[in-house]
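The values are calculated or read from the model by the stated rules, or taken from the named source; none is laboratory data. The model shown is predicted, which means the values in this text are computed figures rather than measured ones. We place every Cβ from the backbone using ideal geometry, glycine too, and count neighbours over all the protein chains shown.
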Amino acid sequence: MQTPLISILIPFKNTESYLGDCLDSIVKQTYSNWELLIVDDSSSDTSYKLVQNYANTDARIQLLKNEGSGIIEALRTGYKHAKGTFVTRMDSDDVMALNKLEQMQQPLVTYGEGHLALGLVRYFSEEGIGNGYKRYETWLNALTSKGTNFTEIYKECVIPSPSWMVYKTDFDCCGGFSPNTYPEDYDLAFRFYKHGLKCIPSNEVLHQWRDYAVRTSRVDAHYAENSFLELKVKYFLELSHAKEKTIVIWGAGTKGKKVAQLLIEKNMAFEWVCDNPKKIGKDIYNKTLKPFEFLNTMKNYQCIVTVANHEAQFEIVQYFQTRNKTPMNDYFFFC
């Protein structure tokens with residue numbers, strides 16, 4: 001039986017409370033042909049010593065010191081040593097299902113290069129999971145179960161850092177960990193999309209995602225909403241915008257205004273519509289907001305929808321459907 005080597009990349013910093021659970025879930029994997037490249041990003045607690053104890057008893061674990069600073073440079077430091085046929089990431093505060101590596105490498109062997117193995121995720125927390133995270137989990141898993149992740153890539157990160165595995169050759173073609181762009185997992189998801197990788201559907205929960213108050217994605221400025229919007233606009237203009245079509249922003253809330261600012265900074269012309277009577281006719285950034293019915297007078301446009309309300313989103317989809325407009329071509333949800 002073919003058993004390709006899997007390179008697992010983990011950056012860590014001050015996660016002593018959770019590292020034991022994480023490492024145990026890796027050491028106990030049903031698939032044993034793996035190497036763990038785990039990189040300390042200047043921890044000030046006992047995390048380094050804890051990992052060192054594991055590395056002393058398991059030759060598959062390589063403990064490294066970050067040659068720079070931050071998650072991206074830690075990933076680069078580890079990746080220099082990667083020898084696997086397959087590459088995957090893991091977060092130091094999360095837990096793998098014990099069959100995760102086995103279940104992700106099997107379809108990659110079957111389908112070959114040009115594919116991306118995924119798994120369902122499940123949040124867990126001692127304090128309980130909030131509605132926002134639960135909605136994200138449900139949305140993400142619905143996409144992953146069908147392998148349709150890229151169809152909603154502008155909404156949220158459709159391939160978060162610990163839920164993918166890919167051929168190292170494909171990973172290198174996508175730029176690996178070279179870009180200095182945060183949020184790094186969302187940027188990588190866009191690069192997977194850009195290079196045409198195909199998502200392999202999965203119906204099994206393979207990753208347990210820990211949530212807690214000081215998790216990096218909650219407290220690090222690199223993961224603030226503005227960073228996500230900057231990334232979305234950047235890749236929309238690069239990958240999805242048809243230059244012969246007028247850009248239209250639908251929505252004038254916080255996200256709509258930020259998208260408008262980003263387009264203005266890039267000297268991109270756009271129209272702006274909304275369905276809020278209090279805002280229609282107002283000037284924001286020297287742009288007059290028009291009623292959404294203004295779209296009926298336009299022929300060639302691409303609409304960026306920044307309306308967050310789920311009921312309103314459903315109605316907006318219906319509006320576009322009645323006009324034979326298609327998602328990821330004529331309209332794009334940015335939230």
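A residue that is within 28 Å of the chain's Cα centre (by Cα) and assigned to a strand (DSSP E or B) cannot be found anywhere in segment 281-294. Applying the condition of being among the hydroxyl-bearing types (S, T, Y) and closer than 20 Å to T148 by Cα to segment 300-335 and asking which residue is farthest from the chain's Cα centre (by Cα) yields T326.
Could you list, in sequence order, all residues of segment 183-216 that are in a helix (DSSP H, G or I) and at pLDDT 95 or above?
Taking segment 183-216 and keeping what is in a helix (DSSP H, G or I), we get 184-194, 216.
E184, D185, Y186, D187, L188, A189, F190, R191, F192, Y193, K194, listed by residue number.
Does L101 satisfy the criteria of being more than 28 Å from N203 (Cβ to Cβ) and of a type outside the set (D, E)? No: the conditions fail for L101.
Those helices (runs of 4 or more DSSP H) of segment 71-148 in which at least 2 residues are out of contact with any Leu (no Cβ under 9 Å at 6 or more places or on another chain) and more than 28 Å from S43 (Cβ to Cβ), considering only elements entirely within it, cover 100-111, 131-146. Taken over segment 247-273, the criterion of being out of contact with any strand residue (DSSP E or B) (no Cβ under 7 Å at 6 or more places or on another chain) and not in a loop (DSSP other than H, G, I, E, B) is satisfied by T254, K255, K258, Q261, L262, I264, E265.
Going by the conditions given, is E244 assigned to a helix (DSSP H, G or I) and loosely packed, with under 15 Cβ neighbours inside 10 Å? No; evaluated as a whole, the condition is false for this residue. Among the residues of this structure, Q313 does not count as one that is farther than 24 Å from L231 by Cβ and either of a type in the set (S, T, N, Q) or part of a loop (DSSP other than H, G, I, E, B) (or both).
Based on what the data block shows, is E16 surrounded by 14 or more Cβ atoms within 10 Å (Cβ to Cβ) and either on the phi > 0 side of the Ramachandran plot or touching an Asp or Glu at 6+ places or on another chain (Cβ under 6 Å) (or both)? Give the derivation first.
Working: surrounded by 14 or more Cβ atoms within 10 Å (Cβ to Cβ): yes; either on the phi > 0 side of the Ramachandran plot or touching an Asp or Glu at 6+ places or on another chain (Cβ under 6 Å) (or both): yes.
Considered against the rule, which asks whether it is surrounded by 14 or more Cβ atoms within 10 Å (Cβ to Cβ) and either on the phi > 0 side of the Ramachandran plot or touching an Asp or Glu at 6+ places or on another chain (Cβ under 6 Å) (or both), E16 comes out as yes.
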